[in-house]
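What follows is a set of notes on a single structure, which appears directly below.
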Amino acid sequence: MLTLGISAFAQQKEAYPFYYPCRAEETGEWGYVDANNNWTIRAQYSAVMYETNGGMYPVSKGGKWGLVGVSGQPLTDIKFDAVMCEIDYVKNNYPAYFAAVRLRGKWAFVDVQGKFVTGFNYDEVLIMKGKYTIRQKTEKGKMRTGHLTKDGKEVWEN
């Protein structure tokens, strides 16, 4: 087994388990391991990413992306063109509320249980330092910018 990403961050006390992307040498598939290199989410994916600090783990099969939870249970279908999550290396410095998923060029947000909190309404999104920036093209072709609150409500700046 080849483990990637094990670091000093594994020594911190965490509110949820922090798992590390790992590729199984035997199959070439990806999954996640804990700080002791024990499989926590078995290797069965073509690609994986670091998770949000809410315990959502982005996984890919057949060029599509989805999210699984800490026990490997599906939170969403694996059908999205992209997934965006915040990586909080300091653990709980920026509480995670949502991950973003893209389908046919538009973004939506799901909560840590995988439930949609918005529709596919956004042309651009950015998740950084606990903030969920949203951008949407208006009928006149201009981009308006806003953010989502922790309750999933849109607040537009312009």
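Things worth noting here:
- Within segment 127-136, the only residue that satisfies the criterion of being at pLDDT 95 or above and open to solvent by 60 Å² or more (accessible area, probe 1.4 Å) is Arg135.
- Any chance Asp81 is at pLDDT 95 or above, open to solvent by 60 Å² or more (accessible area, probe 1.4 Å) and closer than 19 Å to Trp107 by Cβ: no
- Being assigned to a loop (DSSP other than H, G, I, E, B) and in contact with a Phe, Trp or Tyr (Cβ under 7 Å, 6 or more places away or on another chain) is a condition met by no residue of segment 36-45.
- Considering residues of segment 26-78 that are among the acidic types (Asp, Glu) and either within 27 Å of Lys129 (Cβ to Cβ) or in contact with a strand residue (DSSP E or B) (Cβ under 7 Å, 6 or more places away or on another chain) (or both) only, the residue surrounded by the most Cβ atoms within 10 Å (Cβ to Cβ): Glu51
The values are calculated or read from the model by the stated rules, or taken from the named source; none is laboratory data. For clarity, every value in this text was computed on a predicted model and none was experimentally measured. Reconstructed Cβ throughout: ideal geometry from the backbone, glycine too, with neighbour counts over all protein chains shown. Remember, those area values only see protein heavy atoms, side chains included, never the ligands or the DNA or RNA. Shrake-Rupley method; radii C 1.70, N 1.55, O 1.52, S 1.80 Å.
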